[in-house]
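Input: a single structure, listed below in structure tokens.
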Amino acid sequence: MSMSSIFPAILSVVFLACNHRTPDTQAKTTDRRVVSTSSIDTTLQPKAPDAVFVTDTIKRYIVDDYAVTNEMFAASRDDSATYKKQSGDIFSFDKVWFTNNTLKQTIVFELYTDYHRMVTYHFYNDDTPAGLVSQIALHQHNGQSATAEQKLRAFSGFLDQAKEIDAHYFTTNNGFKLGDTRRKAIKLLGNPDKTVTTEDIEKLEWEFVGEDFYDRKSDLHGKPLAKDSFGHHISMYFRKGLLVGIILFNDIP
């Protein structure tokens, strides 16, 4: 066979071989593109939205307080870093006592670190519910808690040492003042979580879960969260339907 006939034959074989491989190569390329496109599609799918916490729809209750300032606390401190006061053999620590002789009312602030108002007591000087007095932490000289009887006996001595302040401080930021009606309290705070009646005094209590402690799961039974709070508790004392005493408690972390 001459070279002139062999050369065209070789070219034909090469051409056929190339044509035979081309479909596989195209298929593989197509497959790679399909896989790549599928991967991109998955990546571009929108992420599932983050869970919308129930707290986003729960109402907030602005924790109640009095307009008394931290500067007023500082000005009331004497040589004792603990605001120590003594009446007979009973002692008051970490509390600032303010009074107004015209209103004949007193507010006592029990302070924690950085002037945190852990407990606030508000009452009439001459008509203080015994149940409210028993809640105020007072101590004997040996550090033991004073009994309810000891507190009552020493109470007027602490009132005599209270600092006089203006009458406008004796209305809470949320508008409560002694003499308000039971109806007003329920209208603004809702139905109480607890009611206790002792002789002629009715005590209503409201408990608000703190926004800062809420686990986002517990059933609040339609109640608001205490805004910017670890927990807020309100006790109000009524005689014949009129407010005669208030205790505000603010939890700490």
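Among residues of region 49-70 being charged (D, E, K, R) and either touching a Pro at 6+ places or on another chain (Cβ under 6 Å) or modelled with pLDDT of 75 or more (or both), the one that is nearest to LYS95 (Cα to Cα) is ASP65.
Just one of the listed residues (GLY179, GLY241) is touching a helix residue (DSSP H, G or I) at 6+ places or on another chain (Cβ under 6 Å), at positive phi and at pLDDT 95 or above, and it is GLY241. For THR106, the requirement of being surrounded by 16 or more Cβ atoms within 10 Å (Cβ to Cβ), hydroxyl-bearing (Ser, Thr, Tyr) and out of contact with any Asp or Glu (no Cβ under 9 Å at 6 or more places or on another chain) is met.
Table: residues versus (1) in a strand (DSSP E or B); (2) under 26 Å from the mean Cα position of the chain (by Cα).
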position	(1), (2)
GLU71	no, yes
SER80	no, no
PHE91	yes, no
VAL96	yes, yes
THR102	no, no
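Contact map, region 127-138: residues that are assigned by TED's automatic domain parsing to the domain that holds LEU111 and surrounded by fewer than 19 Cβ atoms within 10 Å (Cβ to Cβ) paired with residues that are at pLDDT below 95 and assigned to a loop (DSSP other than H, G, I, E, B), Cβ distance under 7 Å, separation 6+ or inter-chain. No pairs are found. Looking across region 121-133, the residues that are over 17 Å from LYS85 (Cα atoms) and touching a Ser or Thr at 6+ places or on another chain (Cβ under 9 Å) come down to HIS122, PHE123, TYR124, ASN125, THR128, PRO129, ALA130, GLY131, LEU132.
Just to be sure before I move on: is ASP78 surrounded by fewer than 17 Cβ atoms within 10 Å (Cβ to Cβ) and closer than 28 Å to LEU243 by Cα in the structure I sent? Criteria not met by ASP78.
The values are calculated or read from the model by the stated rules, or taken from the named source; none is laboratory data. Keep in mind that what you see is a predicted model, and the values were worked out from it rather than measured. Here Cβ is always computed from backbone atoms with ideal geometry, including for glycine, and neighbour counts include all displayed protein chains.
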